[in-house]
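Sharing a structure with you now.
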Amino acid sequence: MKLNLSALALTALLPSATVAHYFFPHFVINGQVTPEWQYVRKHDNFLNPSWEDGAFLNNNDLRCNKGASNHMREPQTAKIRAGQDTVGFQTYAGTDGLYHPGPVQIYMSKAPGDVRDYDGSGDWFKVAQWGHRSGSTADTAWITWKMRQFTFKMPAEIPAGQYLIRIEQAATHQPYTHREFYVACAHIEVSSSYTGRPGPTFKIPGVYSRDQPFFRYDSWAKPQPTVCPLPGPAMWPNNNNLRNLI
């Protein structure tokens, strides 16, 4: 007998301790949760995070996760209207949402042609981010704590074209300054009349280094720090941490 289990069904068979890990197989458009991997580029990491071991920040797997290059042509490309549509990702955690503290970022990179052929080696920019509430970095102070869905209104200031849109959680619960990365990319095509250029732009890998303030934050320090600097450059088109949140 041949079994064809979805990620949802397969995860339900795993021991309960495993579901503290998660992944982002669903793209969300105007509140509609699309089927797993319809628009999201599959990867070979399943529920597992990628641990920053001194090398991952400089690895191409930081773009869309391990093995994502094996699945570049599988997803469809979602049609998105700049300045109108609300988009994002939904995780399957097997529970109620993210069970690790740490910020979530969403980045975009314009493909030179068909996004199904694009490896993410071009310029990236940040369009959304979720940090922690003022005064604490305790688990429950993170806006991301137990959230399943991360959506934002696509800014009007996005040029037309096909893009990789990338979600990342950089979990901070590991001892000292270690990090766990949960990453996925989706394929979108943006319709827009905007002719400017988003910024600041950066490369992935290249955007992060171990000497940046975010990677020096230690959640195990006593007393626990009340501020965790967010990773990466400023958001486009503005850097208000809550402005783009739905």
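Taking residue 113 as the residue in question, decide whether it is among the small types (Gly, Ala, Ser), over 12 Å from residue 24 (Cα atoms) and in contact with a Cys (Cβ under 7 Å, 6 or more places away or on another chain).
Considered against the rule, which asks whether it is among the small types (Gly, Ala, Ser), over 12 Å from residue 24 (Cα atoms) and in contact with a Cys (Cβ under 7 Å, 6 or more places away or on another chain), residue 113 comes out as no.
Looking at (1) free of Cβ contacts under 8 Å to residues at least 12 places away in the same chain; (2) on the phi > 0 side of the Ramachandran plot, which is the only condition residue 146 fails?
Every condition holds for residue 146 apart from (1).
Of all residues in region 166-205, count the ones that are among the polar types (S, T, N, Q) and either touching a Gly at 6+ places or on another chain (Cβ under 8 Å) or open to solvent by less than 10 Å² (accessible area, probe 1.4 Å) (or both).
So the count comes out to 3.
Every residue in region 97-112 that is open to solvent by 10 Å² or more (accessible area, probe 1.4 Å), within 20 Å of residue 217 (Cα to Cα) and touching a strand residue (DSSP E or B) at 6+ places or on another chain (Cβ under 6 Å), please.
100, the sole residue that qualifies.
Now a separate question. Has region 76-91 got any residue that is more than 12 Å from residue 185 (Cα to Cα), open to solvent by less than 10 Å² (accessible area, probe 1.4 Å) and charged (D, E, K, R)?
Scanning region 76-91 turns up at least one residue that is more than 12 Å from residue 185 (Cα to Cα), open to solvent by less than 10 Å² (accessible area, probe 1.4 Å) and charged (D, E, K, R).
Here's something else I'd like to know. Taking interchain pairs and intrachain pairs at least six residues apart, which have beta carbon atoms under 8 angstrom, with the first residue in region 169-180 and among the hydroxyl-bearing types (Ser, Thr, Tyr) and the second surrounded by 16 or more Cβ atoms within 10 Å (Cβ to Cβ) and not in a loop (DSSP other than H, G, I, E, B)?
Correct list of pairs: 177/215.
Quick one: would you say residue 144 is at pLDDT 95 or above, within 15 Å of the chain's Cα centre (by Cα) and hydroxyl-bearing (Ser, Thr, Tyr)?
Considered against the rule, which asks whether it is at pLDDT 95 or above, within 15 Å of the chain's Cα centre (by Cα) and hydroxyl-bearing (Ser, Thr, Tyr), residue 144 comes out as no.
Let me ask you something else. Among the residues of region 141-158, is there at least one that is touching a Pro at 6+ places or on another chain (Cβ under 6 Å), under 26 Å from residue 56 (Cα atoms), surrounded by fewer than 19 Cβ atoms within 10 Å (Cβ to Cβ) and not β-branched (Val, Ile, Thr)?
no
Which members of region 54-106 meet the condition of being small (Gly, Ala, Ser) and under 25 Å from residue 30 (Cβ atoms)?
78, 82, 83, 88, 93, 97
The values are calculated or read from the model by the stated rules, or taken from the named source; none is laboratory data. All values derive from a computational prediction rather than experimental measurement. No Cβ is skipped: glycine too gets one built from the backbone with ideal geometry, and neighbour counts run over all protein chains shown. The protein model used for the area step is the full one, side chains on, heavy atoms only, and it has no ligands, DNA or RNA in it. Shrake-Rupley method; radii C 1.70, N 1.55, O 1.52, S 1.80 Å.
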